[in-house]
Amino acid sequence: MNRLLPLLLAALLAAPPPLAPAVRAQEPAVAAPIPERLRGAWFQGGCASPTAMLALSARGAARVPADGAGRLLRFTESREVGGWIVGTARGAEAPRLMLRAARDGAGEAVETAEPANKTRDDRIPGDAPVASWHRCAATPLPFAAHGEGVAFLGAVEGIEAACGPGGGGVAGGVAPCAAALVRAGDVSGDGLLGTAELARLFRGAAWLLTLQAEAPPELSGLAGAAGALGGVAAARLAVESLDYDGDGRLSPRELSQDRETLAAGGEARGRPLALERLSEGAALLRGIVEGLLGTE
């Protein structure tokens, strides 16, 4: 699995992710992000029943066919080459996606090509076929269920910028990371995260992980159902764990509680107690709870 879900969990707890390995630090920056006018959802086929969807964010692309395994490309580098934006994604073979603005009979369009791994940069796209994608005035019903995932595709980039290496989680403190997470999930606009809003973030992360694994449709459906149930459970756990004022929602302050400033005051008087006694007390408490629940 990739780092998306652990990153989201780390952000929920407002703890800075660990520093990336040295090879990660040497990755080239994105020099030519996907232009804002090209971001969002594009489709192939008639809008009443399209055959595939292409979702573009600033540095990512998700291709979702109506029937078949999807694919997720998250770019570590992108640049302009001969009128194309060429994004290079993670993976052992460093897959590339080429895209450019175009027009077709329906108006504005995007053209894409995926050159073979062995095609030299000065010869791309080579013999790779060029696909055309167009906008639809309304979201086609067969793809409406992917909406939360498409939204998270862009939202996770904001979380990564604030919480990942080089962002708030390393240099700027925990507060920018917590604020970015709230911005990503705050649907109601109240500056807080409720259970439903957190569950939406978890469902979006599950959607990306399913695409990353290129799961077939039958497994994607199961993963989606598991993500829906698991998202609610994880959201409730996060709220119950961090909701210090008891209002049923999480604020940036609650997300960063005890994590933005690592302070240990203490008292000079007294003597250290045997911490082993704590484990004995925890075992006793567990026995009482299991007895009440009727478990062994």
Residue check for Arg74: over 22 Å from the mean Cα position of the chain (by Cα), over 17 Å from Ala131 (Cα atoms) and assigned to a strand (DSSP E or B): no
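What are the residues in the stretch 48-71 that are among the hydrophobic types (A, V, I, L, M, F, W, C) and surrounded by 15 or more Cβ atoms within 10 Å (Cβ to Cβ), if any?
Pass one, the stretch 48-71, residues among the hydrophobic types (A, V, I, L, M, F, W, C): 48, 52-56, 58, 61-62, 64, 66, 69.
Matches in the stretch 48-71: Ala52, Met53, Leu54, Ala55, Leu56, Ala58, Ala61, Ala62, Val64, Ala66, Ala69.
Being modelled with pLDDT of 80 or more and surrounded by fewer than 10 Cβ atoms within 10 Å (Cβ to Cβ), is that true of even one residue in the stretch 227-238? Give the derivation first.
Looking only at the stretch 227-238, we keep the residues that are modelled with pLDDT of 80 or more, and these are 231-238.
Adding the requirement that they be surrounded by fewer than 10 Cβ atoms within 10 Å (Cβ to Cβ) leaves none.
No, the stretch 227-238 contains no residue that is modelled with pLDDT of 80 or more and surrounded by fewer than 10 Cβ atoms within 10 Å (Cβ to Cβ).
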Hits in the stretch 86-112 - residues which are within 14 Å of Trp42 (Cβ to Cβ) and not charged (D, E, K, R): Leu97, Leu99, Ala101, Ala102, Ala106, Gly107, Ala109, Val110, Thr112
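Suppose we filter the stretch 239-253 for residues that are surrounded by 13 or more Cβ atoms within 10 Å (Cβ to Cβ) and over 18 Å from Gly189 (Cβ atoms); how many remain? Before you say what the answer is, go through the steps one by one.
Keep residues of the stretch 239-253 that are surrounded by 13 or more Cβ atoms within 10 Å (Cβ to Cβ), which gives 239, 242-243, 249-253.
Those still in the list that are over 18 Å from Gly189 (Cβ atoms) too: 239, 242-243.
Going through the stretch 239-253 one residue at a time, the tally reaches 3.
Considering the stretch 227-240 alone, what residues qualify as being without any contact (Cβ under 8 Å) to a residue 12 or more places away in the chain and among the small types (Gly, Ala, Ser)?
To start, the set of residues in the stretch 227-240 that are without any contact (Cβ under 8 Å) to a residue 12 or more places away in the chain comprises 229, 233, 237, 240.
If the condition is that a residue be without any contact (Cβ under 8 Å) to a residue 12 or more places away in the chain and among the small types (Gly, Ala, Ser), then Ala233 is the only one that fits.
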Residue, farthest from the chain's Cα centre (by Cα), within the stretch 256-284, restricted to residues that are within 17 Å of Val174 (Cα to Cα) and at pLDDT 85 or above: Asp258
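What's the total number of residues in the stretch 100-121 that are in contact with an Asp or Glu (Cβ under 7 Å, 6 or more places away or on another chain) and either more than 18 Å from Ala58 (Cα to Cα) or of a type in the set (A, V, I, L, M) (or both)? Steps first, please.
The first filter runs over the stretch 100-121 and keeps only residues in contact with an Asp or Glu (Cβ under 7 Å, 6 or more places away or on another chain), leaving 100, 102, 117.
Of the ones still in play, those that are also either more than 18 Å from Ala58 (Cα to Cα) or of a type in the set (A, V, I, L, M) (or both) are 102, 117.
Of the residues in the stretch 100-121, 2 are in contact with an Asp or Glu (Cβ under 7 Å, 6 or more places away or on another chain) and either more than 18 Å from Ala58 (Cα to Cα) or of a type in the set (A, V, I, L, M) (or both).
The values are calculated or read from the model by the stated rules, or taken from the named source; none is laboratory data. Note that the coordinates shown come from a computational prediction; the quantities given were computed from them, not determined experimentally. Positions of Cβ are backbone-derived with ideal geometry, glycine not excepted, and every protein chain shown enters the neighbour counts.
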